[in-house]
Amino acid sequence: MHNSIPSPVPPFDEAAFPEDPYRANAGESHLPFVGPLSARSLDPATEEPDRRDMDECDACRTPDEGYVWVADRWRVRATRRPTGLPVVLALESRPHLDLGDLPNLLAAELGVMTVRLEKAIRSLPGVAQVHVQRWEDGNSHLRLWFLGRPTGRRELWGPYLRAWDDVLPPVPEDEWRNRLGIVAAWLADFGGRAVVDPPRFNWQELSELSATELPLSPDGAEAE
């Protein structure tokens with residue numbers, strides 16, 4: 001005979017909560033494609049490959065010079081070239097560890113680093129929101145992706161931002177490099193080392209401003 005145990009979860013009221021947060025902004029208006037689409041059929045299930053091979057790990061083989069910012073236990077890398085989004089960065093642990101294998105110290109630091117990098121990217125001009133994602137099925141080295149969503153682009157809301165990154169034209173390389181430098185400098189303020197230089201002002205262009213472009217004083221005369 002089984003005893004009846006009341007569920008600690010209250011009954012779900014679909015009328016009060018009509019939208020599943022998991023499916024928010026996942027409709028057709030947010031897809032980067034138009035026209036009829038058909039779903040692919042899945043191949044037969046196969047045995048999962050071994051993901052623990054460090055010899056073929058890209059993160060382990062890449063020197064610090066291939067990153068944007070580095071520290072004793074963490075590194076931040078960018079895509080190899082500009083993409084359709086303002087900036088896409090990845091946070092990686094320096095030791096070869098997967099998410100569930102992090103010791104307590106690195107697990108605690110992961111939370112701090114995630115918030116810190118998200119704030120750095122969200123502070124960039126033209127970035128309204130940052131999507132944080134993890135889809136590493138190729139190896140067991142921890143890598144979290146941070147995708148900066150452009151300001152004012154409502155179509156890019158939701159789970160398809162990664163697909164939009166492949167569809168949109170690449171951003172100008174100089175703007176992209178400037179963003180990398182700003183993020184690297186932001187992180188270096190808390191420690192570690194910025195590998196990418198911060199953006200520099202073009203002082204030659206500033207010096208070529210004509211006198212008519214100088215600000216006026218309250219009495220209407222040009223400021224000296």
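For VAL115, only one of the following conditions fails: (1) crowded, with 16+ Cβ neighbours inside 10 Å; (2) under 22 Å from GLY191 (Cβ atoms). What is its number?
Here VAL115 meets the rest and fails (1).
Residues are listed down the side, and each one gets a yes or a no for (1) over 14 Å from the mean Cα position of the chain (by Cα); (2) surrounded by fewer than 16 Cβ atoms within 10 Å (Cβ to Cβ); (3) modelled with pLDDT under 90; (4) farther than 30 Å from ASP50 by Cβ:
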residue: PRO150; (1), (2), (3), (4): no, no, no, yes
residue: TRP186; (1), (2), (3), (4): yes, no, no, yes
residue: PHE201; (1), (2), (3), (4): yes, yes, yes, yes
residue: SER210; (1), (2), (3), (4): yes, yes, yes, yes
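Here are the criteria: (1) within 21 Å of GLU173 (Cα to Cα); (2) at pLDDT below 95; (3) of a type in the set (A, V, I, L, M). Tell me which single one LEU142 does not satisfy.
Going through the list (1) within 21 Å of GLU173 (Cα to Cα); (2) at pLDDT below 95; (3) of a type in the set (A, V, I, L, M), LEU142 breaks only (1).
Quick check on the stretch 144-160: of everything there that is part of a strand (DSSP E or B) and in contact (Cβ under 8 Å) with a residue 60 or more places away in the chain, which residue is farthest from GLY100 (Cα to Cα)?
Filtering first and then ranking leaves PRO150.
Being more than 30 Å from CYS57 (Cα to Cα) and of a type outside the set (Phe, Trp, Tyr) is the filter here; which residues of the stretch 134-160 pass it?
Those that are more than 30 Å from CYS57 (Cα to Cα) and of a type outside the set (Phe, Trp, Tyr): PRO150, THR151, GLY152, ARG153, ARG154, GLU155, LEU156, GLY158.
For the stretch 61-72, what are the residues that are in a loop (DSSP other than H, G, I, E, B) and surrounded by fewer than 17 Cβ atoms within 10 Å (Cβ to Cβ)?
THR62, PRO63, ASP72
Is one or more of the residues making up the stretch 83-103 touching a strand residue (DSSP E or B) at 6+ places or on another chain (Cβ under 6 Å), over 17 Å from ALA184 (Cβ atoms) and surrounded by 21 or more Cβ atoms within 10 Å (Cβ to Cβ)?
Within the stretch 83-103, one or more residues are touching a strand residue (DSSP E or B) at 6+ places or on another chain (Cβ under 6 Å), over 17 Å from ALA184 (Cβ atoms) and surrounded by 21 or more Cβ atoms within 10 Å (Cβ to Cβ).
Please indicate, with yes or no, whether at least one residue in the stretch 105-112 is small (Gly, Ala, Ser), under 17 Å from the mean Cα position of the chain (by Cα) and assigned to a loop (DSSP other than H, G, I, E, B).
no
Testing TRP164 on (1) surrounded by 18 or more Cβ atoms within 10 Å (Cβ to Cβ); (2) part of a helix (DSSP H, G or I); (3) modelled with pLDDT of 85 or more, one condition comes back false. Which one is that?
(3)
What single numbered condition from (1) surrounded by fewer than 18 Cβ atoms within 10 Å (Cβ to Cβ); (2) under 16 Å from the mean Cα position of the chain (by Cα) fails to hold for ARG75?
(1)
HIS141 - would you say it is assigned to a strand (DSSP E or B) and closer than 30 Å to ASP50 by Cα?
No.
The values are calculated or read from the model by the stated rules, or taken from the named source; none is laboratory data. Every value quoted in this text rests on a predicted model; they were computed, and no experiment measured them. Glycine gets a Cβ as well: all are built from the backbone with ideal geometry, and neighbour counts include every protein chain shown.
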